[in-house]
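Student: Structure incoming, see below.
Just so you know, all these numbers are worked out from the coordinates, no wet-lab data involved. This one's a predicted model, so the numbers in the text were calculated from it and none came from an experiment. Here the Cβ is made from the backbone with ideal geometry for all residues, glycine too, and neighbour counts use every protein chain on show.
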Amino acid sequence: MNVVLAVKQYVSKMIEDSGPGMKVLLMDKETTSFVSMVYTQSEILQKEVYLFERIDSTHRESMKHLKAICFLRPTKENVEYLIKELRRPKYSVYFLYFSNVISKSDVKSLAEADEQEVVAEVQEFYGDYIAVNPHVFSLNIVGCYQGRNWDPFQLSRATQGLTALLLSLKKCPMIRYQLSSDLAKRLAEGVKQVITKEYELFDFRRTEVPPLLLILDRTDDAITPLLNQWTYQAMVHEMLGINNNRIDLSRVPGISKDLKEVVLSAENDEFYANNMYLNFGEIGTNIKNLMEDFQKKKPKEQQKLESIADMKAFVENYPQFKKMSGTVSKHVTVVGELSRLVSERHLMEVSEVEQELSCQNDHSSALQNVKRLLQNQRLAELDAVRLVMLYALHYERHSSNSLQSLLADLRSRGVSERYRRLVSAVLEFGGKRVRDSDLFSPKDAVAITKQFFKGLKGVENVYTQHQPLLLETLDKLIKGKLKDNMYPYVGPSTLRDRPQDIIVFIVGGATYEEGLTVYNLNRTTPGVRIILGGTAIHNTKSFLEEVQAAGLHSRHT
């Protein structure tokens, strides 16, 4: 179960099936993202694809010497664009691939438009999602809630994305969902309907233990997306933002032109692949080693390039050297910027209090620490607000709750009204009234996590005590202890055996911290393979956009 590989294989097959010769890859906005997550432009160029175009671009030239590979979502707009294209074809032959199920009537309309008979093939290749890591996928949807219901358009998109994922992994699962969430239930039923309707597509070879799809709702754990992070991938997303593997560094003081936007992809960057789940301290050491390694390999031009053989050797090694030099400068820049932000925003102090708020139950100490930090004028607005949000969620019903006093502190330090309002919106979104789980009771999960992380040095530190609720949920699921009355099955049948292939999907978005949890579970639980998906992959900023878009009106102000 590897989502990066699944999408990669689809793209390779499209290019292979079109045969030899020069090709153009014609995509839409979304499929461009799907492809760019798994292939670099230079890798595709090696496969004789010399041009990348958008189907909605009005300025495409006619190039009859090129074959067109079209990879598109089967939307109404795209079908209309294709009909126009086929009536006046710009390329010699068309291979049409849709990222999801396309209706028979749309195929008929395309056939009617193809008067010049340029279409060589029409197929469905189910790469209809963003493959983030081998075990993590996203649909890049922020704003799936309308109050406590689905935005209807996004429900349809989530159903399509999830069914495509199942088809791409060749899984026909049993489905369970979080009973307390109407959104989880509706998505579970939607996926089940598609499986029933398209039963021929889902007719895969039966495995002894059927796969399991578990649908959860972000409202059950609003703590995880509010925390600062200390492992490389999660930290980069929290502080700089990762958008389809791209990081915008244009705001970094004194940044050079070629580093204004960098790509972090474990597929093409060995250092990132080896360090994405390590904590910040370890990455610092590894960057130093990378630099030293680079210095050793750096060619000493003057001494070396005396003979033709020396020059030949240098030129042969140069691409590798150039690639390494790019990797070094990129990671030194990213880690340098993270380091600057940690000290500028006092994130170690902030994070320590966040961890206390999310993992411990001492109200007076927590309140004192939050108040103390709110006095520090160097704290960023976002960090001040997230501390108050964490306090609000944890001590919502505490007899000495002092939320109003903390909101007054935010006002007096000039925090914007939007952020102050979001405190009560977050409480409305993921407060006790909504939650099924008890996020803050001392859990046996502490014992569980200790055994997971025995092998990871430095993890038992003060900044990484918190474990997402997802860990407890998955642990119960794997042990067969996840209650059917809280996480019912869709349909009459239930799973008797311990699940082996598990796909978890979080409506309202997953996080990289949960991605790390799943990565560790996959490593430490033999015979169990887990994939995590979400409507989005959130950091605190995008999570607060999600909450704001839900438009929940507070009872707390």
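Student: Only bridges with both residues in the chain count here: give the DSSP antiparallel percent, nearest 5.
Tutor: Working: 12 of 54 bridges.
Of the beta bridges lying entirely in the chain, close to 20 percent run antiparallel.
Student: Sequence-distant or interchain residues sharing an amide H contact under 5 Å with Y145, placed H: which?
Tutor: Answer set, sorted by chain and number: D151.
Student: Next question, about the same structure. Under the rule of at least 5 residues apart or a separate chain, name every residue whose amide H is placed under 5 Å from the amide H of F52.
Tutor: The answer is L25.
Student: Suppose only helical runs count, i.e. DSSP H with n ≥ 4. What mean residue ellipticity at 222 nm does that imply for the chain under -39500 (n - 2.57) per run, divided by all residues and rounded to the nearest 500 deg cm²/dmol?
Tutor: On the way: 21 runs with 261 residues, N = 557.
It comes out at -14500 deg cm²/dmol, rounded to the nearest 500.
Student: If you don't mind, another one. Report, ordered by chain and residue number, the aspartates and glutamates lying within cross-link reach of K185, taken as a straight Cα distance under 19 Å and ignoring same-chain residues fewer than 8 apart.
Tutor: Within the straight-line limit of under 19 Å, K185 reaches these aspartates and glutamates: D151, D217, D220, D221, D436, D484.
Student: Which aspartates and glutamates, on any chain, are close to K371 with Cα under 12 Å apart, when same-chain ones fewer than 8 places away are left out?
Tutor: D409
Student: The range 211-238 to the range 60-101: how many Å between their Cα centroids?
Tutor: Their Cα centres are 38 Å away from one another.
Student: Largest first and to the nearest Å, give the Cα extent of the range 153-223 along each principal axis.
Tutor: 39, 29, 17
Student: Order 42-48, 56-62 from most to least packed using the mean count of other Cβ atoms within 10 Å.
Tutor: Highest to lowest by the protection proxy: 42-48, 56-62.
Student: While we're looking at this one, here's another question. Among the listed pairs K29/K192; K29/K67; K84/K108, give every one whose C-alpha distance is greater than 25 Å. Intermediate results must be reported in sequence, preceding the final value.
Tutor: Numbers: K29/K192 28 Å; K29/K67 20 Å; K84/K108 14 Å.
Among K29/K192; K29/K67; K84/K108, the Cα-Cα distance tops 25 Å for K29/K192.
Student: Can you give me the long-range amide H partners of V93? Hydrogens built in the peptide plane at 1.01 Å from N, cutoff under 5 Å, separation of 5 or more residues or another chain.
Tutor: A68
Student: Please give the peptides 29-36, 415-422, 197-204 ranked by average Cβ packing (other Cβ atoms within 10 Å per residue), highest first, as a rough proxy for protection.
Tutor: Most protected by this proxy first, the peptides run 29-36, 415-422, 197-204.
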